[in-house]
Amino acid sequence: MGTHRPADSRVPAEIFVHEALYYRDLDEFYAGTGAFVRAGLDADEPILVAVPEPRLALLRSELSGAGERVRFVDMAVAGRNPNRILPWVLRAFAAEHWHRRVRIIGEPIYVGRTPDEVASGVQHEALINVAFAGVDAAILCPYDVERLAHVDTRADLTHPVIVAGGERRESSSYTDPYAVVASLNQPLPEPGRVDETLVFDAQGLAGVRRLVGKHADGVGLAAEGVADLQLAVTEICTNAVTHTGSAAATLRVWSDGDRVVCEIRGAGEIADVMAGRAVPSLDSPRGRGLLIANRLCDLVQTFTAPTGTVTRLHMRLSPT
């Protein structure tokens, strides 16, 4: 991504707290998350717990006495695409309670994530520090360090504070979030095969929709998924030929195991690291295409450089 920074990109420790909870088993998970939630209940703070099943149900049972004071969200559903978590899980909850300090447990990187999803999850964790700068909030992110030992979660780079074994410490490896995001902005690997290729301009967007619809329907994507993918691809393709000054862009489509992948290559560089993860103001004429794609697709990958931007939209054939 580019290097555009909001003016208030610092993270005041006395206002915003972002911690990684390292746990090795369920007992350590309960101890760390339970203490965090109890502190919020004692302070009468709105609390959101967003973790995947089966830990969600187990934690809900453990906290049954809290009643409606804690909101539970299945991260594997709401955060299936890690790029959705900031705008529609974390920031939405904070905006709902804008006048109060909020307390959030969010586990975006968990066992079962693909390597591509983990990379997006690391970007998400880094950008929490940008999105919540100056916000009165405490966010705790659990990490199963036993079963994720082989996964490069980079949690020590993206969290200013680490909680492990009941003790809190500052992370000596914490890194500027813009540097973390930049390190993950790498060229996307070439697919094993490409099924369809289309060079298009602003007058060829109808052809884009037809090609995507035909391919997605042909490989068995459900009708609702076909419509969502057509809309997401059209949004990105529109951006590629109307906001960049480019006369043409390229769409490539292929199937990869359990998913359909659509790749758009166009001119223009994405300068804002929060693009697609922040809801623009109502009067903003731009900033919604990538956001819509993140909302509709199961994974969105980008590589951006002065020479152009590559965006890949993934849609699973099965919702599970």
Counting only DSSP loop positions in segment 141-194, the GluC sites (Glu not before Pro) whose Cβ has at most 11 other Cβ atoms within 10 Å are none
For the residue 111, residue 199 Cβ pair and Förster radius 41 Å, calculated FRET efficiency rounded to 0.05 is 0.50
Fewest to most Cβ atoms within 10 Å: 97, 150 sort as 150, 97
Residue separation between residue 190 and residue 71 times 0.36 nm, minus their alpha-carbon distance, gives in nm 38.7 nm
Ordered by fewest other Cβ atoms within 10 Å, a rough proxy for footprinting exposure, 72, 200 read 72, 200
Helix 205-218 sits off the longest principal axis of the Cα atoms of the chain, rounded to the nearest 10 on a 0 to 90 degree scale, by 70 degrees
In the chain, taking the dipole from +1 charges on Lys and Arg beta carbons and -1 charges on Asp and Glu beta carbons about the Cα centre, the listed residue (178, 302, 106) farthest towards the positive end is 302
Per the C-alpha gyration tensor (a ≥ b ≥ c, the square roots of its eigenvalues), the chain is rounded if a/c is under 1.5, else prolate if a/b beats b/c, else oblate; here it's prolate
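Pairs of alpha-carbon atoms within less than 8 angstrom and 6+ residues apart define the contacts here; what relative contact order does the chain have, in percent?
Rounded, it is 21 percent for the chain.
Every read-out reported here was derived from the displayed coordinates using simple, explicitly stated rules and does not represent laboratory data. Note that the coordinates shown come from a computational prediction; the quantities given were computed from them, not determined experimentally. No Cβ is skipped: glycine too gets one built from the backbone with ideal geometry, and neighbour counts run over all protein chains shown.
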